[in-house]
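The values are calculated or read from the model by the stated rules, or taken from the named source; none is laboratory data. Predicted, not measured: the structure shown is a model, and the values here were computed from it. Cβ placement follows ideal geometry from the backbone for every residue including glycine, while neighbour counts extend to all protein chains displayed. Keep in mind that these areas ignore ligands, DNA and RNA; they rest on the heavy atoms of the full protein, side chains included. Shrake-Rupley method; radii C 1.70, N 1.55, O 1.52, S 1.80 Å.
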Amino acid sequence: MTLEVRRLVNGEPFQHVLGHRLPDRDGAEAAPDEVIGWNGHTTAVGPHEVFTGTEAADVFSHYLATGWVPESLGLRHLRL
């Protein structure tokens, strides 16, 4: 599964895909080649943006406790 989060920054809405942080790759993003489907829709994400149910539950628990995602995760801005 993939995880997304929305937030307001200076009154502007932003939506991000969460991912496991990658070692420095000179700013290169992993190609979004993992396809995730739900209810007739699909989206492509990078392999580092795929989470197990247990990992997703841990992220959700952290979000509920702190109001934000763990610092150990990276964010990729979605341009909608």
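Points to keep in mind about this one:
- Based on Cα atoms of the chain, Rg over Rh with Rh as the Kirkwood radius reads 0.96.
- CD proxy at 222 nm, helix term only [per DSSP H run n ≥ 4: -39500 (n - 2.57); per residue of the chain; nearest 500]: -5500 deg cm²/dmol
- Exposed trypsin sites (Lys or Arg not before Pro) absent: longest stretch of the chain, with sites in DSSP loops and at most 14 other Cβ within 10 Å deemed exposed: 26-78
- Each of the peptides 50-56, 62-68, 12-18, 38-44 was scored by the mean count of other Cβ atoms within 10 Å over its residues; in descending order, highest first, they stand as 12-18, 50-56, 62-68, 38-44.
- Surface composition of the chain: carbon plus sulfur atoms contribute 53% of the solvent-accessible area (1.4 Å probe, protein chains only, all chains present).
- R0 of 22 Å, Cβ-Cβ distance His77-Glu55: FRET efficiency to nearest 0.05: 0.55
- Relative contact order of the chain, defined on C-alpha pairs under 8 angstrom at six or more residues apart (%): 36
- 1.4 Å probe accessible area per residue over the chain, in Å²: 72
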